[in-house]
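Working notes, structure below.
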Amino acid sequence: MIEQKLLEKACTAIHQLYEQKVSQDLIGLEKTKREIIGDYTLVVFPLLKLSHKSPEATAQEIGNYLSQSMPEIAEFNVIKGFLNLILSDKFWLDFLKKNAGKSQFGFRKLRPDRPVVLEFSSPNTNKPLHLGHIRNNLLGHSLSEILKANGFKVIKVNLVNDRGIHICKSMLAYQKWGNNETPFAAGIKGDHLIGKYYVLFNKHFRDEIHSLMEKGLTEEEAEKQAPLIIEAQEILRKWEARDNGTVDLWRKMNGWVYDGFNKTYQNLGISFDKIYYESNTYLMGKELIMEGLEREMLIKKEDGSIWADLRNEGLDEKLLLRSDGTSVYMTQDIGTAQLRYDDFRPSSMIYVVGNEQNYHFDVLQRILKKLGKEYASHIYHLSYGMVELPQGKMKSREGTVVDADDLMDEMFKTAESTTRELGKADELPEEESRQLFRTIGLGALKYFILKVDPKKNMLFDPKESIDFNGNTGPFIQYTFARIQSLLRKAMSSGYAKERVQGSLHTSLLPLEKETIKKLYLFPEIVKQAGVEMSPAIIANYVYDLAKGFNQFYQEIPVLKEENKEKFVLRLTLVSFTGEVIQKSMNLLGIDVPPKM
RNA sequence: GGUCCCGUAGCUCAGCUGGAUAGAGCAACAGCCUUCUAAGCUGUGGGUCGCGCGUUCGAAUCGCGCCGGGAUCACCA
């Protein structure tokens with residue numbers, strides 16, 4: 001990387017010129033602002049106490065030294081104490097020649113380390129997936145691709161919350177009002193069918209609460225005494241006691257949900273290497289807790305409940321097993337962590353889970369540490385923000401959710417109508433058109449979500465459909481399609497054969513250089529996205545690249561260029577840009593179409 | 001109340017490991033298709049970077065204090 005070399009040389013320069021040792025962190029090196037001529041800018045202000053000269057003089061002296069000792073530097077200028085370095089066209093051309101067409105460009109070789117276990121999705125089995133889950137799934141999938149690009153072996157795992165009071169509510173409602181309905185007979189996806197009964201339960205539950213409150217109970221009392229919740233709790237007890245009928249129903253209904261989830265996952269284009277079920281992992285959790293109790297890492301209260309005492313860490317006590325011996329959410333997460341560790345001996349375990357669970361993961365990590373698990377310090381919670389609607393947070397029970405399947409269907413339809421309006425599907429065969437609408441619709445949706453910093457809450461307004469113009473997935477896909485079209489034409493012209501042999505000795509136009517500089521950034525962007533676990537960094541980068549390329553494309557002819565060197569340069573630049581756009585989009589889990 | 005997160009153009013978002021006149025897109029307005037795909041390109045207008053104080057040669061960026069919004073603190077998940 002040229003930045004590193006510039007920094008080292010700058011240190012040497014200071015040492016030579018001012019006889020002072022200097023560490024690299026004191027030197028500010030950054031990309032030159034767009035309005036100013038230059039490629040890299042060295043900020044000299046922090047160096048003035050070493051040079052004892054004016055900013056201008058210092059910049060001038062360092063500039064002289066650097067341009068003499070580095071052939072890559074063609075010239076430099078000094079503006080207001082900023083030293084702007086201009087690299088030679090040859091440097092950029094060499095970079096282009098060396099990396100264009102290289103399939104590994106920007107990606108690290110596989111490290112010998114142990115794998116990374118990445119958990120995402122983690123749905124409850126009582127309702128279908130919604131937009132919040134989409135964000136989770138897209139982040140998880142993209143992150144796995146980004147980590148792979150950074151040389152990690154990644155194991156994608158899903159933890160299905162298949163047991164607990166929530167599924168019992170759906171089961172109860174189904175028993176009462178289901179008439180043995182099946183997804184097949186009803187003609188709806190299994191997860192939606194179960195969701196229907198979950199909503200039904202809550203509707204009747206609310207009714208019961210209201211009538212109890214009219215009889216003088218407080219809301220809190222009513223919520224505990226309503227017959228429906230008592231019946232649901234009874235189902236949970238039967239389930240834990242392995243009651244045959246209950247377990248059979250549970251199995252049947254969960255099976256429907258899995259079929260539904262699998263369709264949604266497939267539609268979204270995501271997959272897992274291993275699926276854990278809470279109904280299995282909570283037992284391991286119990287075991288670990290009993291073990292921790294024996295070794296006096298945990299405490300037991302008089303009523304028999306078991307707790308972790310975190311008060312000397314500034315937190316409170318945390319319940320791990322109820323007085324009746326049943327487990328809570330934390331119980332199974334402890335078990336799951338251990339199972340994962342035993343299964344894969346990972347170097348780290350990443351959890352993609354919403355920021356509403358920040359406290360939970362903080363506590364989980366501390367408890368595992370308390371239990372003496374060394375892997376506790378290698379747990380990372382990728383805490384992402386909520387997707388909010390204009391009226392606030394999505395709430396399943398209040399019906400204010402954007403359903404994942406509906407949203408995808410809507411995206412496909414919008415993609416279709418927009419594409420047809422533009423007349424772009426006219427010559428495509430039916431099957432290809434269908435594929436294209438999917439690619440574009442998903443591209444718009446995925447990019448819309450992934451371009452936002454994962455940590456931040458984001459807003460989705462269902463009334464305003466997701467855009468296809470401007471800073472969007474389709475914009476980038478379109479740029480890629482134009483590139484492919486141009487390359488196809490070049491191939492048929494016969495010139496293309498000379499592409500690789502071209503010596504590329506020519507000068508660069510500003511728009512050419514701008515694009516090359518953006519391509520040069522790609523490896524660093526991939527690395528940064530990995531370190532920060534942020535697909536948004538890739539998304540914003542590839543938009544910038546596509547935007548810049550479109551300016552180039554608009555202003556500078558490629559196929560009509562008669563100078564062979566320039567033709568070869570531009571064609572190389574075009575195909576390389578296509579490669580990097582494709583790689584970037586794939587890191588986001590987005591496909592790019594050959595035509596659109 | 002304790003802890004944590006957020007507050008940048010009318011709207012959605014970048015920029016935040018301190019650096020030069022704070023950037024995109026959408027929306028509005030004005031241009032560009034006998035030239036490689038106009039889902040594109042160019043231009044105009046639009047900002048007390050929530051407020052105040054501090055650190056610094058230099059603060060949207062760091063620190064402190066307010067104001068506003070959100071999350072969380074369950075024998076829920």
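The values are calculated or read from the model by the stated rules, or taken from the named source; none is laboratory data. What you are looking at is a predicted structure, and each value in this text was computed from that prediction instead of being measured. Positions of Cβ are backbone-derived with ideal geometry, glycine not excepted, and every protein chain shown enters the neighbour counts. To get the accessible areas, we keep the full protein, side chains included, count just its heavy atoms, and leave off ligands, DNA and RNA. Shrake-Rupley method; radii C 1.70, N 1.55, O 1.52, S 1.80 Å.
Surface calculation, 1.4 Å probe, protein heavy atoms: A:Ile37 sits at approximately 120 Å² accessible. Remark on A:Tyr40: its backbone amide H falls under 5 Å from those of A:Thr32, A:Leu85, A:Leu87, a criterion applied only to residues 5 or more positions apart or on other chains, H modelled at 1.01 Å from N. Here the accessible area of chain A is 50 percent carbon and sulfur, with a 1.4 angstrom probe and all protein chains present. Fully extending the segment from A:Glu221 to A:Asp324 would add 35.0 nm, taking 0.36 nm per residue of separation and subtracting the current Cα-Cα distance.
The helix-based estimate of mean residue ellipticity at 222 nm for chain A, built from -39,500 (n - 2.57) per DSSP H run of four or more residues and divided by its residue count, is -18500 deg cm²/dmol to the nearest 500. In this structure the amide hydrogen of A:Tyr384, modeled in the peptide plane, comes within under 5 Å of the amide hydrogens of A:Val353, A:Gly354, A:Asn355, none closer than 5 places in sequence on its chain.
When the surface is traced with a 1.4 Å probe over the full set of protein chains, A:Phe76 keeps roughly 50 Å² accessible. Based on protein heavy atoms only, the range A:294-424 ends up with 49 Å² per residue of surface accessible to a 1.4 Å probe.
Which of rounded, prolate or oblate describes the range A:404-587 when judged by the alpha-carbon gyration tensor and an a/c cut-off of 1.5? Note, shape of the range A:404-587 comes out oblate. Using the 1.4 Å probe convention, the accessible area of the range A:2-87 works out to 54 Å² per residue with neighbouring protein chains retained. For the range A:213-350, just say rounded, prolate or oblate: build the C-alpha gyration tensor, square-root its eigenvalues into a ≥ b ≥ c, call rounded for a/c under 1.5, and beyond that prolate if a/b exceeds b/c, oblate if not. Oblate is the answer for the range A:213-350, as a/c is 1.5 or above yet b/c matches or exceeds a/b. Counting only the Cα atoms, the range A:280-356 fills a convex hull of 131 Å³ per residue. For chain A, the spherically averaged projection of the C-alpha convex hull amounts to 35.3 nm². Spatial offset of the range A:560-596 relative to the range A:189-203 amounts to 48 Å, using the alpha carbon center of each.
The distance separating the Cα centre of the range A:273-327 from that of the range A:213-243 comes to 24 Å.
Computed from phi, the 3J(HN,Hα) profile of the range A:447-459 under the Karplus parametrisation 6.51, -1.76, 1.60 (θ = phi - 60°) reads 5, 3, 7, 7, 6, 8, 3, x, 5, 8, 5, 9, 10 Hz, with x in place of Gly and Pro.
Shape annotation for the range A:333-379: C-alpha extents along the principal axes are 28, 22, 16 Å, from largest to smallest. Applying the Karplus relation 6.51 cos²θ - 1.76 cosθ + 1.60 with θ = phi - 60° to the range A:158-175 yields 3J(HN,Hα) values of 10, 10, 8, 7, 9, 9, x, 4, 4, 6, 5, 5, 4, 4, 4, 4, 5, 4 Hz, where x marks Gly and Pro. Couplings 3J(HN,Hα) of the range A:204-220, computed from phi: 5, 4, 4, 4, 4, 4, 4, 5, 5, 5, 5, 7, x, 7, 6, 4, 4 Hz, in residue order, whole Hz [Karplus 6.51 cos²θ - 1.76 cosθ + 1.60, θ = phi - 60°; x for Gly and Pro].
Positive end of the dipole of chain A (Cβ unit charges, origin at the Cα centre): among A:Val526, A:Ala404, A:Phe120, the Cα lying farthest that way belongs to A:Val526. Assuming charge only on the beta carbon of Lys and Arg (+1) and of Asp and Glu (-1), the dipole of the range A:2-87 about its Cα centre is about 180 debye to the nearest 20. Near A:Glu119, the amide H atoms lying under 5 Å from its own belong to A:Val157, A:Ile350, A:Tyr351, A:Val352; only residues 5 or more places off or on other chains count, and H is placed 1.01 Å from N. Based on Cα contacts under 8 Å between residues 6+ apart, chain A shows a relative contact order of 15 percent. Each of A:Ser492, A:Leu249, A:Ser211 was scored by the projection of its Cα onto the charge dipole of chain A, and the greatest displacement toward the positive side belongs to A:Ser492; charges sit on the C-beta of Lys, Arg, Asp and Glu. Taking Cα atoms only, the orientation of helix A:131-149 departs from the longest principal axis of chain A by about 50 degrees.
Between A:Arg237 and A:Lys90, the simple spin-label model (points 7 angstrom out along Cα→Cβ) gives 8.6 nm.
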